[in-house]
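Structure record follows, encoded as structure tokens.
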There are 2 protein chains.
Amino acid sequence: MKLLEERIRQDGVVLPGNVLKVNQFLNHQIDPQLMYEIGQEFARLFKESPITKILTVEASGIAPAIMAGLVMNVPVVFARKKKPSTLDAGVYTAEVYSYTKKVTNTISVDQKFLSAKDNVLVIDDFLANGQAVQGLLEICRQAQAEVSGVGIVVEKSFQKGVSLIKESGVRLESLARIASFENGEVRFVEE
Amino acid sequence: MKLLEERIRQDGVVLPGNVLKVNQFLNHQIDPQLMYEIGQEFARLFKESPITKILTVEASGIAPAIMAGLVMNVPVVFARKKKPSTLDAGVYTAEVYSYTKKVTNTISVDQKFLSAKDNVLVIDDFLANGQAVQGLLEICRQAQAEVSGVGIVVEKSFQKGVSLIKESGVRLESLARIASFENGEVRFVEE
């Protein structure tokens with residue numbers, strides 16, 4: 001998605017350790033118009049799929065997910081990162097290890113909001129090692145929901161998340177695919 | 001906002017202790033069309049104000065805030081709930097006490113994204129004791145930004161948040177105003 005690549009070149013900040021910060025328009029400040037364009041692009045890519053629900057995880061996944069939900073006219077569910085209390089009966093849970101923060105978090109979704117009747121599009125802001133997406137797919141498995149695919153805003157193609165998802169046979173669509181960082185510059189995967 | 005009141009009556013769940021759960025369309029599953037209507041309503045209410053930025057807090061504030069940002073064509077900034085690390089120089093912070101969870105959290109906003117040049121609309125999903133909104137207003141004060149007002153999706157009018165905000169002289173617009181809960185039913189403030 002050209003518009004997104006241009007925005008990453010313009011406003012993305014490359015930090016040591018192959019870290020890309022896009023706080024200017026996605027992860028802290030959000031550009032609603034760009035998010036709407038992203039929602040339209042996800043809707044276009046998955047227009048043949050009978051999607052009934054979009055699943056993401058708080059907090060940065062919400063903005064692109066809700067715009068896709070607006071365009072596709074389906075509800076959005078965001079998995080919560082806090083551990084469900086013992087009082088919360090009826091939740092799907094998955095463990096998500098964060099390589100950057102070196103901690104394991106439990107994400108959860110109320111069973112009311114995902115079932116075997118659903119056809120799910122999983123959306124997240126970033127794909128690096130793929131742990132968050134794997135957690136969301138695990139929750140879909142527990143719900144016995146169909147998964148039409150995974151939509152990612154920014155993919156770091158050189159990390160293992162891409163192959164993890166493809167090995168599980170799930171369709172992956174990433175709107176910006178980063179091949180490498182060279183001298184603080186972003187190089188995108190050539191189409 | 002009639003549409004929102006109807007939705008609260010239909011899908012809201014009243015729990016003991018004056019707790020209203022709207023997980024069906026706002027706090028866990030989100031209805032993007034309803035959020036878009038909410039965004040339009042905030043835009044209508046504040047159309048005379050020269051707003052340059054919307055400020056909210058993760059995670060449940062993001063959906064209504066981003067739709068208001070889409071309609072009003074301004075960026076949205078969400079305050080983060082995690083404590084900024086000592087490495088994060090240049091952040092505004094405020095302490096927010098949660099009466100339901102009985103913990104104090106630090107919320108923070110990168111100074112890059114809010115300044116004295118901004119005219120801010122603060123948006124949040126719920127207003128009860130007003131601590132989150134007070135924290136967001138404190139961050140605006142630190143940034144020396146103008147505040148045009150506070151937009152709330154669901155206000156519990158019988159708790160102290162309303163008077164806290166009004167005493168500080170800030171305009172408050174709530175789309176649904178709950179007067180009380182009676183036998184598990186929601187009673188709205190009569191207009």
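What the table below lists for this structure:
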| quantity | calculated |
| --- | --- |
| Within the accessible area of segment A:2-188 (1.4 Å probe), percent carbon and sulfur | 47 percent |
| Local net charge near A:L3, Cβ-Cβ under 14 Å (Lys/Arg +1, Asp/Glu -1) | -2 |
| Å² of accessible area per residue within the protein assembly as shown, as computed with a 1.4 Å probe and no ligands counted | 45 Å² |
| B:V122, B:V19, ranked by accessible area, largest first (probe 1.4 Å) | B:V19, B:V122 |
| Folded to 0 to 90 degrees: helix A:62-72 orientation relative to chain A principal axis, Cα | 70 degrees |
| C-alpha long axis of helix A:131-142 to longest principal axis of chain A, angle in ° | 20 degrees |
| Environment charge at B:G61 (Cβ cut-off 10 Å; Lys +1, Arg +1, Asp -1, Glu -1) | -3 |
| Protein heavy-atom accessible area occluded, A/B pair - total, 1.4 Å probe, Å² | 2900 Å² |
| For B:M72, solvent-accessible area (1.4 Å; no DNA, RNA or ligand), Å² | 40 Å² |
| Hydrodynamic radius of the protein assembly as shown per Kirkwood, over alpha carbon pairs, in Å | 21.3 Å |
| Trypsin sites (Lys or Arg not before Pro) within segment B:17-106, DSSP loop, no more than 14 other Cβ atoms inside 10 Å | B:K47, B:K82, B:K101, B:K102 |
| Scaled radius of gyration (Cα, divided by 2.2 N^0.38 Å) that segment A:38-191 gives | 1.02 |
| Solvent-accessible surface ranking, highest first, for B:L172, A:L136 at 1.4 angstrom | B:L172, A:L136 |
| 0 to 90° range, to nearest 10: angle between helix A:2-11 axis and chain A longest Cα axis | 70 degrees |
| Residue of A:P16, A:P32, A:P75 that the Gaussian network model of chain A assigns the largest fluctuation, springs spanning Cα pairs under 10 Å | A:P16 |
| Among B:N18, B:N119, B:N27, residue whose mean-square fluctuation peaks in a GNM of chain B (springs only between Cα atoms under 10 Å) | B:N18 |
| Residue-level accessible surface for B:Y97, protein heavy atoms, 1.4 Å, Å² | 80 Å² |
| Heavy-atom SASA rank of B:E173, A:E167 (probe 1.4 Å, accessible area, largest first) | A:E167, B:E173 |
| Violating pairs (Cα-Cα greater than 20 angstrom) within the set B:K81/B:K102; B:K2/B:K166; A:K2/A:K101; A:K83/A:K112; A:K102/A:K166; A:K2/B:K53 | B:K2/B:K166; A:K2/A:K101; A:K102/A:K166; A:K2/B:K53 |
| Formal net charge of residues neighbouring A:K160 (Cβ-Cβ distance under 11 Å; K, R +1; D, E -1) | +1 |
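The values are calculated or read from the model by the stated rules, or taken from the named source; none is laboratory data. Bear in mind that the values here come from a model prediction, so they are computed numbers and not experimental data. Don't worry about glycine lacking a Cβ; one is built from the backbone with ideal geometry, like all the others, and counts go over all protein chains shown. Heavy atoms of the whole protein, side chains included, go into the accessibility calculation; ligands, DNA and RNA do not. Shrake-Rupley method; radii C 1.70, N 1.55, O 1.52, S 1.80 Å.
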